[in-house]
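The values are calculated or read from the model by the stated rules, or taken from the named source; none is laboratory data. Note that the coordinates shown come from a computational prediction; the quantities given were computed from them, not determined experimentally. As a convention, Cβ positions derive from the backbone with ideal geometry for all residues, glycine included, and neighbour counts pool all protein chains shown. Note: areas computed on protein heavy atoms with side chains; ligands, DNA, RNA excluded. Shrake-Rupley method; radii C 1.70, N 1.55, O 1.52, S 1.80 Å.
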Amino acid sequence: MAVDYTTHDGVAVITLNNPPVNGLGLSTRAGIVEGIERAERDPAIRAIVLTGAGKAFSGGADITEFNTPKATQEPTLATVIKIVEGSAKPVVAAIHSVAMGGGLELALGAHYRIAAPGAQIALPEVKLGILPGAGGTQRLPRAIGLEAALNMIVSGAPVDSQKLAGSGLFDELVEGDLAEAALAFARKVGAQAGPHPKVRERKIDHPNAEGFIQFARNSVAAVAKHFPAPLKCIDAVEAGVKHGFDKGLAFERECFVALVQTPESRALRHAFFGERAASKIPDVPADTPVREIRRVAVIGAGTMGGGIAMNFVNAGIPVTLLEMKQEALQRGLATIRGNYEASVKKGKLKAEALEARMALITPTLSYDALKDADLIVEAVFEELGVKEQVFRRLDEIAKPGAILASNTSTLDVNRIAAFTKRAQDVVGMHFFSPANVMKLLEVVRGKETAKDVLATVMKLAKQIRKTAVVSGVCDGFIGNRMIEQYIRQALFMLEEGALPAQVDRAIEKFGFAMGPFRMSDLAGNDIGWAIRKRRYQEQPDLHYSKIADRLCETGRFGQKTGGGWYDYVAGERTARPSTLVDDMIVAYSKEVNTERRKIGDDEIVERLVFALVNEGAKILEEGIASKASDIDMVYLTGYGFPLHRGGPMLYADTVGLYNVERAIRRYAAQPNGDAWQLAASIAELAAAGRGFNG
Ligand code: 3HC
Ligand code: NAI
């Protein structure tokens, strides 16, 4: 049963019981109506309490039902709320832990609301690309005022129930036993004559509602960019302010129905579920026991090691930081301190917290200090020989059961594991730079990595607020393996007729945070050069445009050398098209006998994005990633892929794999077409009329 019904001396208690978060799916909605009707029929009942079992009052509408017949099947949430509000017997919503979205809207339909402190109150629909669709845009402004409500609706951010005490939302904030307090409150109001108050009947008081709404619209328009929902939230609130509750409600409904079908909403929901799905590994059961991680050690205090250490420290986990030389250690610690100081300056961290965090770091030059570590993350130079030295040493000193992780970005984790006699304890933890900021963590599963090691690392990733995605072992893992194909296409297009600024502009218009050339200038063109040099040896037949090598031969490594694909003025980050580089590109086309042609923006976007998709499909075929949404999470959290498109694989589904296949075949027939080897699964799925996500 999704809803329980009990009676307690004149009070009926309707308890939502639909784990994990009491989502308001069809059976829960029907259960609430049944409960209200039963209470109304029973003459012994004077009042009704509506509450939630487990870890939430309610997390809102059941998102999995969206765009399915169940979502619109009666009783819809709007109907449920109407019935609750219309009950002659007073309904008291008793809120603990979470009241979000439809959950809060349901509570707003009750006659009274009491809450426990610390409950998270939100209308987070906008984060799913929709707006509150069951009266939230109409009732919340009436409950807490126009400005506070609009802030909550447009941001979707949760607010602590304590902060809302006195806002008009709650009749009482209850410190002690919420269930007892709810019964007492219900008995009190049950003894009072009706009618009982309805939020919909309250007025929205604001000295200059129109002015405020216009101000909000301007501010939101500036940041909403690719997402239509935030402005629709404002329109819906405005409709209620101008035309009254019923018209506002009807308009809100109209907007909800339109928004839920947009690709932007689909993308955001995909990301919501994708993030949660990423933490589940098909052959690692959810109840796999985890190892306890109380102390972490990080080896190497360079660019990555320092950032990695900060992640653990930020989560309150002490870290021992090992370096080879005192100077390197000092330098690493100074960088960490500098990062924290910058946070203090920005007001994001209290000065006392800075010292507390630094105190959690134990610097050392001795491997002996690593003996107690439950997890050791290696972030030393990217050379197999150096990794070998480190892992052989770790095998000697690490305590039994300690997890040994490598942050390598290009080396074979199985080979690294083989340097130890405990390959089952070895795993890749591939952080992205800057490691204390970037959300993505690729967890690289070696062929012998134990299941409990994976389960432990996935759990730990949540603790340090990373989005962890499991990747099998292959060159570049998921993210870098795909980006290589994207870069290859970008370079071919320079050779065929485009210039860096055009390529960047086209893909940035598509929504990428930064195009490949601006990105490469930021990261350093020498990094890709080093990888290509290795490739030329390992796979001499692989066809690459040599234009990037030419650039590197002139020492133009990017921002750090004052020039790369673009020119940079010292102290600035603005990329200015470079006549010198553009001429170099044109000359190169001539040298390789390529007649330059005008390449349209559509072709640029297709070739870049479908290169990702094609490689992503192969990664799935090989089982390197276990599901398409994992690949999307890698790209959304680590590579600046536009969120409103949901990641490369969802985007391919949106375009349709039939169309993706046709485009790839077309590009394969063009000059440089040998870079396109169509993934078999694209053709198979297209023929079956399916997509990567079903
Ligand atoms: N519908 C369906 N499933 C939901 C859900 C929802 N509204 N909210 C959470 N879940 C699922 C998650 O997918 C996850 O499933 P899994 O265990 O199979 O992976 C499970 O519940 C637990 O979720 P979390 O891991 O996120 O648990 P937390 O305890 O960390 O967080 C939460 C709980 C704060 C409720 C968080 O899940 C959350 O923010 N949920 C989304 C809330 C939301 O957006 N509500 C609005 C829905 S739209 C709506 O109400 C429309 C209405 O206006 C008409
Ligand atoms: P870095 O050169 O900034 O830092 C490496 C540090 O390791 C140096 O401080 C060095 O003194 C120390 N070190 C070297 N050998 C050591 C040893 N035997 N014992 C203890 N310390 C030792 O390098 P960076 O960029 O931090 O890279 C580290 C690792 O992270 C590499 O494997 C790299 O591939 C990987 N990585 C790097 C990313 C980046 O963007 N820089 C991104 C993701 C992974």
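Some notes on this structure:
- Every residue from the stretch 277-311 that is over 30 Å from residue 339 (Cα atoms) and out of contact with any strand residue (DSSP E or B) (no Cβ under 8 Å at 6 or more places or on another chain): 277, 280, 282, 283, 284, 285, 286, 287, 288, 289, 290
- For the stretch 581-594, taking the residues that are without any contact (Cβ under 8 Å) to a residue 12 or more places away in the chain and not β-branched (Val, Ile, Thr), the one that is least open to solvent (accessible area, probe 1.4 Å) is identified as 587.
- Residues in the stretch 139-163 that are in contact with a strand residue (DSSP E or B) (Cβ under 7 Å, 6 or more places away or on another chain) and crowded, with 20+ Cβ neighbours inside 10 Å: 152, 156, 161.
- Residue check for residue 189: away from ligand 2 (no atom under 16 Å from the Cβ), of a type in the set (A, V, I, L, M, F, W, C) and open to solvent by 10 Å² or more (accessible area, probe 1.4 Å): no
Residue by residue, here is whether (1) under 24 Å from residue 205 (Cβ atoms); (2) touching a residue at least 24 places away in the same chain (Cβ under 8 Å); (3) touching a Phe, Trp or Tyr at 6+ places or on another chain (Cβ under 8 Å) holds:
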{"residue": "106", "(1), (2), (3)": "no, yes, no"}
{"residue": "110", "(1), (2), (3)": "yes, yes, no"}
{"residue": "113", "(1), (2), (3)": "yes, yes, yes"}
{"residue": "123", "(1), (2), (3)": "yes, yes, no"}
{"residue": "128", "(1), (2), (3)": "no, yes, yes"}
{"residue": "159", "(1), (2), (3)": "yes, yes, no"}
{"residue": "162", "(1), (2), (3)": "yes, yes, no"}
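- Taking each residue of the stretch 201-213 that is in the same structural domain as residue 143 (by TED's automatic domain parsing) and looking for partners that are open to solvent by less than 90 Å² (accessible area, probe 1.4 Å) and assigned to a loop (DSSP other than H, G, I, E, B) with beta-carbon atoms closer than 8 Å, six or more apart or interchain, yields 202/168; 204/145; 205/145; 206/145; 212/206.
- In the stretch 298-310, the residues that are within 17 Å of residue 367 (Cα to Cα) and part of a helix (DSSP H, G or I): 305, 309
- Selection within the stretch 484-511: residues that are outside any helix (DSSP H, G or I) and of a type in the set (A, V, I, L, M, F, W, C). The member of this set that is farthest from residue 295 (Cα to Cα) is 498.
- Residue match in the stretch 291-307 (condition: within 28 Å of the chain's Cα centre (by Cα) and farther than 30 Å from residue 450 by Cα): no
- Criterion: open to solvent by less than 30 Å² (accessible area, probe 1.4 Å) and in contact with a strand residue (DSSP E or B) (Cβ under 6 Å, 6 or more places away or on another chain) - qualifying residue of 564, 558: 564
- Out of 186, 148, 179, sole residue that is in contact with a Lys or Arg (Cβ under 9 Å, 6 or more places away or on another chain) and part of a helix (DSSP H, G or I): 186
- Enumeration of residues in the stretch 528-542 that are surrounded by 15 or more Cβ atoms within 10 Å (Cβ to Cβ) and of a type in the set (Gly, Ala, Ser): 528
- Residue within the stretch 470-483 that is more than 22 Å from residue 382 (Cα to Cα) and outside any helix (DSSP H, G or I) present: no
- Flag for residue 523 being open to solvent by 50 Å² or more (accessible area, probe 1.4 Å), hydrophobic (A, V, I, L, M, F, W, C), at pLDDT below 95 and over 31 Å from the mean Cα position of the chain (by Cα): no
- Single residue of the stretch 512-530 satisfying the filter (outside any helix (DSSP H, G or I) and over 13 Å from residue 548 (Cα atoms)) that is farthest from ligand 1 (Cβ to nearest atom): 515
- Test: residue 200 is open to solvent by 20 Å² or more (accessible area, probe 1.4 Å) and over 15 Å from residue 151 (Cβ atoms): yes
- Output for the stretch 459-495, where each listed residue is within 18 Å of residue 677 (Cβ to Cβ) and charged (D, E, K, R): 475, 481, 484, 488
- Counting the residues of the stretch 614-663 that are open to solvent by less than 10 Å² (accessible area, probe 1.4 Å), outside any helix (DSSP H, G or I) and within 20 Å of residue 472 (Cβ to Cβ) gives 2.
- Note on the stretch 631-675: residues that are farther than 23 Å from residue 223 by Cα and aromatic (Phe, Trp, Tyr) total 2.
- Test: residue in the stretch 545-566 that is of a type in the set (A, V, I, L, M), more than 16 Å from ligand 2 (Cβ to nearest atom) and not in a helix (DSSP H, G or I): no
- Take the conditions (1) crowded, with 21+ Cβ neighbours inside 10 Å; (2) more than 16 Å from ligand 1 (Cβ to nearest atom); (3) of a type in the set (A, V, I, L, M); residue 293 misses just one of them, which is (1).
- If you go through the stretch 545-555 and keep only what is closer than 20 Å to residue 483 by Cα and surrounded by fewer than 18 Cβ atoms within 10 Å (Cβ to Cβ), you end up with 546, 549.
- Residue pairs whose Cβ atoms lie under 8 Å apart, separated by 6 or more positions or on different chains, with the first residue in the stretch 232-256 and in contact (Cβ under 8 Å) with a residue 24 or more places away in the chain and open to solvent by 20 Å² or more (accessible area, probe 1.4 Å) and the second in a helix (DSSP H, G or I) and among the β-branched types (Val, Ile, Thr), are 238/213; 241/213.
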